[in-house]
1. Please indicate, with yes or no, whether at least one residue in region 141-155 is surrounded by fewer than 23 Cβ atoms within 10 Å (Cβ to Cβ), acidic (D, E) and closer than 27 Å to P198 by Cβ.
2. Residue pairs, Cβ under 8 Å, 6 or more apart or interchain, first in region 69-91 and acidic (D, E), second part of a helix (DSSP H, G or I) and open to solvent by less than 20 Å² (accessible area, probe 1.4 Å). List them.
3. What are the residue pairs meeting all of these: first residue in region 20-45, first residue within 25 Å of I109 (Cα to Cα) and among the charged types (D, E, K, R), second residue assigned to a strand (DSSP E or B) and at pLDDT 90 or above, Cβ atoms under 8 Å, and 6 or more apart or on different chains?
4. In region 152-169, what residues are assigned to a loop (DSSP other than H, G, I, E, B) and either farther than 15 Å from P224 by Cβ or of a type in the set (A, V, I, L, M, F, W, C) (or both)?
5. Among residues belonging to region 128-140 that are in contact with a helix residue (DSSP H, G or I) (Cβ under 8 Å, 6 or more places away or on another chain) and open to solvent by 50 Å² or more (accessible area, probe 1.4 Å), point out the one that is modelled with the lowest pLDDT.
6. Condition first: modelled with pLDDT under 80 and buried (at least 16 other Cβ atoms within 10 Å of the Cβ). Now tell me which residues in region 25-52 satisfy that.
7. Mind listing whichever residues of region 82-135 are within 24 Å of T38 (Cβ to Cβ), not aliphatic (A, V, I, L, M) and not in a helix (DSSP H, G or I)?
Amino acid sequence: MDIIILGQQLLGYIPLGDIVLYMAPLNLFMFASALAFTTLIAISKTETQVEAEFGTLKDKGVTVDKKEFKIRRFLAIVCGLATAGAMITGDVFDFTLFVCLIGIVNIGIVAAVKQVDVLDAAFQYGLVAMIATLPLFGGAAMMLAATGTISLLEIVNIPTTTMMIFGSILLFLGVAGETGVAPFYATKAEMFRTPGSPFLLIIHLSSLLVIVRVIEILLIINKPF
């Protein structure tokens, strides 16, 4: 099995020891999508959330003040850049670092909101994300112990062992916890009750792109084809 899956061709790579950046059509598309969306966030303003008041026919507008707006925009930009980096990195350890950074800034994007329900949901998601760092980095460490390298360009040429399979399972569990996908989505869903679109959309986009990327990495490690 080649380093590139899904019928892609390797367009080029930048080797920095075990730290490798490689370019392929799918990876570059996801990289460009993350950067484009991050650019839109950098120049966008937040929408006003309209909430219905219980027992009346009145609506209440919830806005984001300027200080909170600047904090959340900065964190959303960091999230977008970390997502873009995760799309083209060719080594397992840097991928785990980018994923961990995405989890941290996702919490920060909603933690700046002064709403009890939202802060409670962010706290619960934060607990899951912190616990997920153990299998996330544990899987990367197990991959290094089993192969002697973290470069996917080298791992693809090494026969798959039981320890590599177990390490890839831990890696997937760590990514699932950090991005808040099923079965951990319940802790993350309540976070979207907060006002502040489009900043919240980068949380969705980062989760989607990272899951696609980790599937590619798992296929490279386990070589099912």
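The values are calculated or read from the model by the stated rules, or taken from the named source; none is laboratory data. As the structure is a prediction and not an experimental result, all values here were calculated from the model. With ideal geometry, Cβ positions are generated from the backbone for all residues, glycine too; neighbour counts draw on all protein chains shown. What goes into the accessible areas is simple: the full protein's heavy atoms, side chains included, and nothing from ligands, DNA or RNA. Shrake-Rupley method; radii C 1.70, N 1.55, O 1.52, S 1.80 Å.
1. No, region 141-155 contains no residue that is surrounded by fewer than 23 Cβ atoms within 10 Å (Cβ to Cβ), acidic (D, E) and closer than 27 Å to P198 by Cβ.
2. D91/L152
3. That search, which allows pairs on different chains as well, returns nothing.
4. V156, N157, I158
5. Checking each candidate, the answer is I131.
6. T46 - this is the single residue of region 25-52 that is modelled with pLDDT under 80 and buried (at least 16 other Cβ atoms within 10 Å of the Cβ).
7. Result: T89, G90, D91.
Listed here are the residues, each with its yes/no results for (1) open to solvent by 40 Å² or more (accessible area, probe 1.4 Å); (2) modelled with pLDDT of 85 or more; (3) under 13 Å from V210 (Cα atoms).
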| residue | (1), (2), (3) |
| --- | --- |
| T63 | yes, no, no |
| R72 | no, no, no |
| A76 | no, yes, no |
| G80 | no, yes, yes |
| F98 | yes, yes, yes |
| G103 | no, yes, yes |
| A111 | yes, no, no |
| Q115 | yes, no, no |
